[in-house]
């Protein structure tokens with residue numbers, strides 16, 4: 001038998017080594033043997049860091065040690081290429097340990113030895129197995145692959161069960177190929193729903209294998225094996241294409257289409273150009289990017305961070321949304337959020353597996369993850385929701401979306417189509433994240449307390465920046481900006497006198513009217529409670545330059561008022577102590593703000609008046625003395641007021657009697673030109689002042 005020897009190590013090369021092992025097995029069919037293979041973790045970096053000559057010297061040292069040992073013991077050794085060595089010998093625990101310890105001690109002399117560790121894979125061959133040397137070597141390599149990343153330097157044994165599993169996996173490959181060629185692979189769809197009403201906002205594509213007998217084969221039975229040997233990439237590409245074909249059919253048929261997400265495995269990203277694949281699919285099938293999303297498991301970021309981020313950037317450039325799947329299943333979840341550019345977080349279903357012993361702790365963890373995601377405006381979908389209790393808990397903790405058996409099990413494409421035909425089952429897709437770049441955020445943080453993008457047609461909103469010290473809403477994120485504003489008001493975080501004007505200016509109907517009539521800019525000074533004290537803030541709503549009806553986002557900002565805020569507070573305090581009521585009125589539109597009203601003023605007069613004429617008319621009918629109603633009606637006539645202030649700056653003044661509980665009191669009504677007054681925007685101040693004497697009425 002001619003054996004080729006390796007020039008560097010002086011050991012038999014792989015083919016020769018395996019021939020020697022087969023010869024030994026043939027001569028000793030009743031003996032039990034052991035094969036032990038070693039691999040140096042991260043050895044490719046060793047050559048890059050220290051040079052090829054140092055790398056060759058390390059391999060020669062290991063080879064010299066094994067050759068010395070082979071001279072002492074009955075053992076076949078071989079150099080298997082790269083940084084792999086293998087030994088074959090009759091079962092001998094002492095010899096196994098000598099090999100392990102000897103190679104470990106050689107590597108411990110190397111710089112950075114904690115990085116370059118030996119990994120050992122072993123297999124025990126018994127007489128009844130009837131295997132070849134190449135099988136034994138494959139088993140040891142398989143054991144090494146399962147051991148990569150394990151901090152122990154012990155031997156990882158490939159046992160008979162693992163060998164049987166490997167054979168089943170090898171037999172699986174041709175079946176998968178046959179299944180793809182004969183249309184046995186398809187996908188089911190599992191809806192993603194709003195927690196508050198169970199309406200569907202999208203779905204996840206889940207691969208299914210339906211055999212020739214009609215059996216639905218669970219992915220758990222074939223996906224792990226396909227991922228291990230890399231064959232999964234063929235099947236994933238097949239499912240992605242099928243998904244795009246279905247989306248195209250729905251669009252052509254005029255069906256209702258909601259976003260669907262497909263899964264990308266870490267093997268896909270490592271072994272192929274996923275960006276190029278999705279670019280081709282989107283173009284070939286003419287799929288709008290808002291209908292297709294991609295899910296990447298959190299563990300992929302942990303294992304291949306640089307590669308994943310590069311793929312992530314490319315997918316985002318195509319316009320695809322990225323979901324982090326199984327969030328919380330890895331060990332770097334909290335830290336990774338600051339670096340990744342995902343659009344949606346899918347909370348791992350294991351978080352919901354709680355019992356009476358760990359419920360409080362589990363609930364606190366879920367609450368923290370949701371609150372953290374909400375703080376950076378990252379929508380959360382909770383996976384694996386199976387009952388009403390879980391649904392209610394998630395909703396109370398601020399989670400808006402869920403997926404699981406409580407809502408819908410995975411279903412066929414046809415069943416999903418029927419489900420979407422009923423519009424009562426469907427909500428508009430609203431799982432959105434619109435985070436801006438970190439540099440932009442740093443600039444905003446120095447100037448604004450809060451910045452949000454708002455869609456005035458749907459109420460959707462996204463915090464671009466939220467100062468941690470500026471808390472004027474609940475920890476649970478309301479679904480619309482209107483609910484958010486209401487939450488601020490109900491919590492008492494907005495000064496009572498500023499509530500009507502603030503609510504009106506942040507109202508979506510008010511903003512839409514402004515949008516449709518002219519370029520939008522709304523300013524309003526409002527007091528928010530901060531650390532128990534009301535402070536002046538300036539609220540502003542602006543229409544960005546890139547505003548369009550396709551992307552109708554406006555900007556809401558809140559910032560601390562200027563340095564003259566203390567003067568303003570003094571002025572307002574004086575105003576409150578002087579007047580019964582102060583209104584700011586646009587006499588052209590009828591819009592008005594209640595800048596101040598006395599606590600005992602009739603609330604129904606203010607609450608139900610939609611414009612100033614409603615207010616005046618209600619006051620005339622119910623609160624002004626009958627003898628004063630005619631002159632008060634003349635006094636508050638908008639056309640007269642506008643005409644008067646076109647030529648005059650002096651205020652208008654009138655004394656009337658107003659009903660207060662069961663008596664009439666003398667009241668002075670005055671109208672002033674506001675500093676905002678212009679021909680286009682005739683804004684005036686209307687004040688009501690209680691008189692100290694009724695002499696006016698005694699004289700008249």
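Computed from the coordinates by the stated procedures, all read-outs in this text should not be read as laboratory data. None of the values given here were measured: they were computed from a predicted structure. Here the Cβ is made from the backbone with ideal geometry for all residues, glycine too, and neighbour counts use every protein chain on show.
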Eigenvalues of the Cα gyration tensor times 5, then square-rooted: what semi-axes does that give for segment 579-699, in whole angstrom, largest first?
23, 17, 13
Cα-based Rg of segment 14-158 normalised by 2.2 N^0.38 Å, two decimals
1.03
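If the viscosity is 1.567 mPa s and the temperature 4 °C, what Stokes-Einstein diffusion coefficient in µm²/s follows for segment 653-692 when Rh is the Kirkwood radius over Cα pairs?
Rounded, D is 112 µm²/s.
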Below 8 Å, C-alpha to C-alpha, sequence gap of six or more: please give me the relative contact order for segment 14-158 in percent.
35 percent
Most exposed to least, judged by fewest other Cβ atoms within 10 Å, 688, 516 sort to 516, 688
Using every pair of alpha-carbon atoms in segment 191-287, split the distances into 10 Å bins beginning at 0 and state the percent of pairs per bin, rounded to integers.
13, 38, 34, 14, 0
